[in-house]
Amino acid sequence: MSDLTKHGDDGHPKMNRRRWLQGLGIAGAAGLAGCTDGGSTDTPTESATEVDPGATDEPTETGTPRQELPERTGPYRRTIANAASTLNPLYNNVDGVGTLIGYTLDMGYTFMPGTEYLPQLYDLSSDNGEVWVAELRDNLMFGGEYERQVTAEDFVYQVQEIHQGGWAGTPDAPNWPSEYNIEQTGELEFQIELPGPNVLYPESYEPLLYPIPKEIMEPYVAEEDAQGLQEDEDLLELTFTGNLGAYQLDEWNRGSEQIFSRNDEYYLREATDVDPLFEEAPYFEGIESQVVQEEASRLGALETGESDVAGLPPNRVSEFQEMESVDVNITPTPFQSLITWNMRDNGWNTGPGNLFRDKSFRQGLACAVSKNQVVEGIYRGFADPAYTFQPEWSTFYPEDDSAIEEFGTGDLYGPEPAQSRIQDAIEDTDYSYDGQGRLLNPEGDQCTITLHHSASSNTNQSLAEFIAQEYEENAGIVVETTATQSSQFLTNYFQQEAPEGETEWNAGPFNRGPRDVTSAESWDMSVIYGYNTYPLNPTVSDVFFLQDGSTNPQGYYPQWDAEGLYQQANNATSREELAEAMEEIFINLNQAQPIGMLTFSADTVGYAADIEGPIEDFFSGWDFPAWYRQG
């Protein structure tokens, strides 16, 4: 690693960055642009893409010193809330599914505790931040009918012909614009030339790729057959993974379970730059992952020992902390719980126009919900209020936060600050308030809108019900809540239908064009998905807030120079220069309120007490193949 990406004592100046990839996250391969759904707390993301928000220059302990390697034991058992719609690595963009794929297929690199870079499949280095060289390990092997060594050509072909091809529509396509030049420079080496320096390129996770045999992709490239590529059985069944993951997929019963078996040929067993525990990894004979939509059933399985892990709702944490059979991990996260307001033409379905498009109206809604009550009442204190798109513990958070208004707190909470701002927004419309503080549409009816919440999370449902109560009491708007499976919301609401003709832009399924390009179903608001704030490299948050950003399902149009400021951040030649630009961006986002920023919540996860490996750190899971059951 060059000094640009190493984060030791000398390589981690001034800024303390952490980012959780959607391993939910977006960064294409692991999740929807860093999104996480309200029902996804069933298990941590073991995709090794989680980054520590409290990381310092001091190395973090990665495990307890051991005199000998542990013995292998039975399977690791887990439950998840939602079924996987695809295991195709090229097309997955959902957090939990990225975890499943990650059991069988590592990605290029990850970060260990202390924000220490770990090359998995390949190392990345640069002398100037503009040309990055990737060097592959020499023991990577595909399997099945594609058994051969993984080469640089596989990665270069994937980028040039699939992500940059313009026809495949992969979630990673926005990470590889045409001005990014990638070429093979050796059998096990390729280089990426950027149009300008990017000192945080690895931290952006843009160069993070899955290894896919060129032979699988070639026939679909020849025909530009995107549907065929999505439905390829080898990709869906992960038949080609060879020694590239700690486990192999044995069974995938869609809608019910996935069964994995131990891979004793795992390539990291030969690595000398990882924990010695990897020498005989993995230590579970397999992984049994079952779909259990009901939260109570997932918690019951952990309590009775039928499952080794479960996300704990805040109101059950203290109960599980008292159990000898369960260890509870509590870790702050960079994920923001939020309200998505639909500003597209099929949003705001209670009257003419779309009030969500007005900044004053959004500020008014932000004043209507008490963030402190959300923290204490919904998350039982396991969260912090969110006022802009960066947690306060991030060193990218403005040092002088006097310009950050704390909407939803103190004097900026309640009916007066909410309704006065909404009144400014409706001044030139036929909307009005009556004498009882009710917002009326031009027909004289009280405004009534819908709010979608996760059907598989009681906590998310409670959040939605509280917001509905607050909107009615403080903004005079009636809110009807509706339970929706996150996968259904993703397909029918969050992404837009493909337009028939050309549009001004098409940034992918979550922003196919201007506001008149809409989803299959109309919707007003949602709390199903939260967003990753990417403290490790916040420049990538532009996908949420640029008009043509790849994850702008709500149709937000910034009325401040978002493009210019993000350009300034992306062109920065030093981390300090980048921080200055991001500070301005976070102040503007606070004022604009493009989304209803609520909290930064903590992960509260319960593990079977005999599982060794989890740590209270965002990197927990980077070494999942080396986890084991204590005898």
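The values are calculated or read from the model by the stated rules, or taken from the named source; none is laboratory data. Note that the coordinates shown come from a computational prediction; the quantities given were computed from them, not determined experimentally. So basically every Cβ, Gly included, is an ideal-geometry build from the backbone, and we count neighbours across all protein chains shown. For the accessible areas, the whole protein counts, side chains as well, though only heavy atoms, and no ligand, DNA or RNA atoms are used. Shrake-Rupley method; radii C 1.70, N 1.55, O 1.52, S 1.80 Å.
What the table shows:
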| item | result |
| --- | --- |
| Residue within the range 389-409 that is more than 27 Å from the chain's Cα centre (by Cα) and small (G, A, S) present | yes |
| The lone exception for G166 - which of (1) surrounded by fewer than 16 Cβ atoms within 10 Å (Cβ to Cβ); (2) over 25 Å from the mean Cα position of the chain (by Cα) it fails | (2) |
| Those residues of the range 385-432 which are hydroxyl-bearing (S, T, Y), farther than 30 Å from P538 by Cα and in contact (Cβ under 8 Å) with a residue 60 or more places away in the chain, in sequence order | T429, Y431 |
| Single unsatisfied condition, F361 versus (1) assigned to a loop (DSSP other than H, G, I, E, B); (2) open to solvent by less than 30 Å² (accessible area, probe 1.4 Å) | (1) |
| Hits in the range 183-211 - residues which are open to solvent by 30 Å² or more (accessible area, probe 1.4 Å) and farther than 23 Å from E577 by Cα | E183, Q184, T185, E187, L188, E189, Q191 |
| Residues that are open to solvent by less than 50 Å² (accessible area, probe 1.4 Å), closer than 20 Å to M597 by Cα and at pLDDT 95 or above, drawn from the range 479-488 | V479 |
| Hits in the range 514-530 - residues which are more than 14 Å from the chain's Cα centre (by Cα) and open to solvent by less than 40 Å² (accessible area, probe 1.4 Å) | P514, R515, V517, T518, S519, W523, D524, M525, S526, V527 |
| Residue within the range 595-616 that is within 30 Å of T73 (Cα to Cα), under 19 Å from the mean Cα position of the chain (by Cα) and aromatic (F, W, Y) present | no |
| Of residues in the range 591-603 being surrounded by 23 or more Cβ atoms within 10 Å (Cβ to Cβ) and touching a Phe, Trp or Tyr at 6+ places or on another chain (Cβ under 6 Å), the one modelled with the highest pLDDT | P594 |
| Residue satisfying condition, being of a type in the set (F, W, Y) and out of contact with any Phe, Trp or Tyr (no Cβ under 8 Å at 6 or more places or on another chain), within set Y267, Y247, Y201 | Y267 |
| Residues of the range 310-338 satisfying the condition of being touching a Leu at 6+ places or on another chain (Cβ under 7 Å) and of a type in the set (V, I, T) | V326, V328 |
| Filter result for the condition that a residue is surrounded by fewer than 24 Cβ atoms within 10 Å (Cβ to Cβ) and polar (S, T, N, Q), over T533, T503 | T503 |
| Answer from N458, N511 - the residue that is of a type outside the set (F, W, Y), under 30 Å from P171 (Cβ atoms), in contact with a helix residue (DSSP H, G or I) (Cβ under 9 Å, 6 or more places away or on another chain) and open to solvent by less than 10 Å² (accessible area, probe 1.4 Å) | N511 |
| Residue among V274, V221 that is of a type outside the set (K, R), crowded, with 16+ Cβ neighbours inside 10 Å and under 24 Å from Y157 (Cβ atoms) | V221 |
| The range 238-262 - residue that is of a type in the set (S, T, N, Q) and without any contact (Cβ under 8 Å) to a residue 60 or more places away in the chain and, of those, most open to solvent (accessible area, probe 1.4 Å) | N253 |
| Residue satisfying condition, being on the phi > 0 side of the Ramachandran plot and not hydrophobic (A, V, I, L, M, F, W, C), within set G300, G245, G196, G255 | G255 |
| Any hit, the range 571-591, residues being over 20 Å from Y387 (Cβ atoms), aliphatic (A, V, I, L, M) and without any contact (Cβ under 8 Å) to a residue 60 or more places away in the chain | no |
| Residues of the range 429-454 classified as open to solvent by less than 50 Å² (accessible area, probe 1.4 Å) and of a type in the set (K, R), total | 0 |
| Tabulated pairs, the range 213-237, first under 18 Å from D250 (Cα atoms), second of a type in the set (A, V, I, L, M, F, W, C), C-beta under 6 angstrom, 6+ apart or interchain | D234/I216; D234/F240; L236/L87 |
| Residue satisfying all of: in the range 531-551; of a type in the set (G, A, S) and more than 24 Å from F619 (Cα to Cα); nearest to the chain's Cα centre (by Cα) among these | S550 |
| Test set (1) open to solvent by 10 Å² or more (accessible area, probe 1.4 Å); (2) out of contact with any Asp or Glu (no Cβ under 7 Å at 6 or more places or on another chain) - A609 fails condition number | (2) |
| Residues satisfying the stated conditions in the range 558-583, i.e. open to solvent by 60 Å² or more (accessible area, probe 1.4 Å) and either closer than 11 Å to D542 by Cβ or part of a loop (DSSP other than H, G, I, E, B) (or both) | Q559, D561, E563, Q567, N571, T573 |
| All positions within the range 142-183 that are of a type in the set (F, W, Y), touching a residue at least 24 places away in the same chain (Cβ under 8 Å) and in contact with a strand residue (DSSP E or B) (Cβ under 7 Å, 6 or more places away or on another chain) | F142, F155 |
| Odd one out for Q469 among (1) part of a helix (DSSP H, G or I); (2) buried (at least 19 other Cβ atoms within 10 Å of the Cβ) | (2) |
| Residues satisfying the stated conditions in the range 371-417, i.e. open to solvent by less than 10 Å² (accessible area, probe 1.4 Å) and either part of a loop (DSSP other than H, G, I, E, B) or among the polar types (S, T, N, Q) (or both) | A386, T388, F389, Q390, P391, S394, F396, P398, F407, G408, G414 |
| Answer residue from the range 77-126, given it is among the small types (G, A, S) and buried (at least 24 other Cβ atoms within 10 Å of the Cβ) and is modelled with the highest pLDDT among those | G102 |
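Every residue, every condition in (1) surrounded by 17 or more Cβ atoms within 10 Å (Cβ to Cβ); (2) not polar (S, T, N, Q), yes or no:
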{"residue": "V326", "(1), (2)": "yes, yes"}
{"residue": "P334", "(1), (2)": "yes, yes"}
{"residue": "M343", "(1), (2)": "yes, yes"}
{"residue": "N349", "(1), (2)": "no, no"}
{"residue": "P352", "(1), (2)": "no, yes"}
{"residue": "L365", "(1), (2)": "yes, yes"}
